[in-house]
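One structure is given below, encoded as structure tokens.
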Amino acid sequence: MTQSNDGQAAHGAATPPTGEDFKQLLTKDVRFAPDPAAVATAWVKDYQTAYDQAANDLTAFWDKVAREFSWFKPWTNVVEGQAPGARWFVDGQVNITVNCLDRHVQSERANKTALLWLGEDGEERRFSFSELLALTNQIANGLKELGVKKGDRVCIYLPLTPEGIASMLACARIGAMHSVVYAGLGSSALRARIEDAQARVVITADIGYRRGKATQLKAIVDEAVYGLPVVEHVVVWRRATPAIALTDSRELDFYALCSKQSTECAPEVMESEDPLFMLYTSGSTGAPKGCVYVHGGYMVGTAYYMRLAFDLKDDDIYWCMSDIGWIVGHTSMVYGPWANGTTVIAREGAPDFPNPGIVWEVIEKYHVTKLFTAPTTLRMFMKFGPQYPHAHDLSSLRLIVCAGEPLNPEALIWAKQHIGNGNLPICDNWWQTETAGPTIGTLISMEAFVGRAGKAFPGYTVKVLDRSGQPVGPHQGGLLVIEGSWPQMFRTIWHDDARYLDYWRTLPPYYTAGDVATVDEHGYIAVLGRADDVLNVAGHRIGTADVESALVSHPAVAEVGVIGKPDPIKGEAIKAFVTLKVGQIPSDELRAQLIEHVRHELGPIATPAELDFVTALPKTRSGKIMRRVLKARELGINPGDLTTIEE
């Protein structure tokens, strides 16, 4: 770790404030040099060279990447048109499952472990690439028996299991669009997604497990599909003993349907721009948005960016701590790793059950080399204390990558010290459901700046602009935008092109991410949070991430959510909701200490006017703190769409 004075901290004002500049209140510029041993074997040894090669000839760059994969018919043009209507690998014909499965089965990887699945209770199931292809084909043939064909939609409401993953691949195999809904969303949210997609088939299970408890998934589906004539079949994987009864004429047993099927199923020939899947993402207002992705560009882009961000090697044991219900599960657990022939670990259940050390037990037992997790999970590890990682041999780990929300410096430094023994690269990453793959980040061969996500990955042009579309100065906040198009980007919102085009209307011709960011003199970008997560206090624009990071740096604090409340004098006053680490007791004295701690760290303008201790924060099931829910509760207003909330 080095301390530098030639740059400012990664946090800054969202617009130039009056008076003392907020960035001057954060004087640390902590950075970590890349590990020379890691650089020596890195897939990309020099970021700038790789970035410049892509920028100098984007068409040639993506043409070269795409030629690594198997196509039924090559493309005539790499890209046609401009965002938001760009088309990639035009006239090419492909099926993504051929490149995730068949290509490896026809090579020396045939018997390599593709999927190592773990249950909360310690159950273990392994699938080689050959075995995963066989299961995929059986499910695909089962769907074909039900009349599912190219272009149909299939809703998958399954837990994180081999059956859930293989059902995704089976849909792709026959050209049907899968719509995976997180197995935990309620019946009304599930029904809305089934109706919007007009899904002919729903695949579900009787139960899912989390924290040792069974969630009755079939009962949720029963309520969701009641009176929905579009649903022709409900396929149920029955896990529990004795097996539940299937009483509706639409219901079939998963394995009764699939186990009798052939393990051979010819892949459907898909045009590059044919739809692969839709995935619903929620906004603060309006109905959930069904983002649509396609076979060709999604395959090429996710394969490249996964290999880049995770420095994937053939001997990696890679654990993605997400779920198939989110874009991370699609890109970073299923399609991206397997397009690279990587061994993937997937674990059903909570990362702190049956004990707070289970993650480290898994890493030690299975020699995990690469770990993908969220900042909120790192903060959970902090909450339980360093004794848990210290109790295990974690020497197999080569890299941890975080994404989902800003990685606060305290969590990064804690992980560096207690998980990586001071040497392990902990790399930040920024992307969205809509970008569909890692977009900004720090590679294993790059210097890591604490508090900054990193730089735009090769193939992207990312800018930070003010409201008039002009680039902001170093450390001045602005809107994060992407210029042009990229292969794996979403192609539309299902049956709502106007809503899709809204992403390009704020600052045409750029895609506007909806996040506030800063960029420093080194070109490193810090994403401060959603545009509506930026506070305006007495003329100063302050990112909620700044205040949250300051509070989390206190040894008593586990996690924080910060909101702005209307204030007649300041415009907004800061209120913090704080969860404490295990063993810490809320008190007025501690509240005063924490407020003073922020004053010391950030100065008077960022000091919370109020601070409440809470036992938990409202989060999405992917781990993002839902600050708008905190604000709505505080102000007594409607919080909007809550279908992705954890509790």
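Through the Karplus equation 6.51 cos²θ - 1.76 cosθ + 1.60, θ set to phi - 60°, convert the phi angles of segment 623-633 into ³J(HN,Hα) values in whole Hz; use x for Gly and Pro.
Rounded to whole hertz, the list is x, 7, 5, 8, 5, 5, 5, 4, 5, 4, 5.
Given a cut-off of under 8 Å on Cα pairs at least six residues apart, what relative contact order in percent is computed for the chain?
Averaging sequence separation for qualifying contacts and normalising by length gives 15 percent for the chain.
Per the Kirkwood definition applied to all pairs of different Cα atoms, how many angstroms is the hydrodynamic radius of the chain?
After inverting the pairwise mean of 1/r, the radius is 25.2 Å.
Nearest 5 percent is fine: what portion of the DSSP beta bridges confined to the chain is antiparallel?
Rounded to the nearest five, the antiparallel share is 60 percent.
Roughly how far apart, in whole Å, are the Cα centres of segment 215-280 and segment 80-138?
20 Å
Rounded to whole Hz and in sequence order, give me ³J(HN,Hα) for segment 577-587 from the Karplus expression 6.51 cos²θ - 1.76 cosθ + 1.60, θ = phi - 60°, writing x for Gly and Pro.
These are the phi-based 3J(HN,Hα) values: 10, 10, 9, 9, 5, 4, x, 8, 10, x, 7 Hz.
Where the centre of each part is set by its Cα atoms, how far does segment 359-379 sit from segment 161-190, in angstrom?
Value for the Cα centre distance between the two parts: 25 Å.
How tilted is helix 409-418 with respect to the longest principal axis of the chain? Cα atoms for both, answer in degrees (0 to 90, nearest 10).
70 degrees
Quick one: net charge of Asn421's neighbours, Cβ under 15 Å, K/R +1, D/E -1?
With Lys, Arg at +1 and Asp, Glu at -1, the net is -1.
Over 31 Å between Cα atoms: which of Lys370/Lys624; Lys149/Lys463; Lys112/Lys213 fall into that group?
Long pairs (Cα-Cα over 31 Å): Lys149/Lys463; Lys112/Lys213.
Which order do the peptides 56-67, 301-312 come out in when sorted by mean C-beta neighbours inside 10 angstrom, highest first?
By packing density, highest mean first, the sequence is 301-312, 56-67.
Using 0.36 nm times the number of residues separating Ala592 and Asp497, minus their current alpha carbon distance, what extension gain do you get?
Going from the current span to full extension adds 29.1 nm.
In whole angstrom, how far apart do the alpha carbon centroids of segment 396-417 and segment 489-526 sit?
26 Å
Would you mind putting 189-197, 133-141, 73-81 in packing order, based on average other-beta-carbon counts within 10 Å, highest first?
Listed from highest to lowest mean packing, they are 133-141, 189-197, 73-81.
Go through 401-407, 259-265 and give me the packing order, highest mean Cβ count within 10 Å leading.
401-407, 259-265
Coordinate-derived values only; no laboratory data. These numbers come from a predicted model, not from an experiment. Methodologically, a virtual Cβ is constructed for each residue, glycine included, from the backbone with ideal geometry; neighbour enumeration extends over all protein chains shown.
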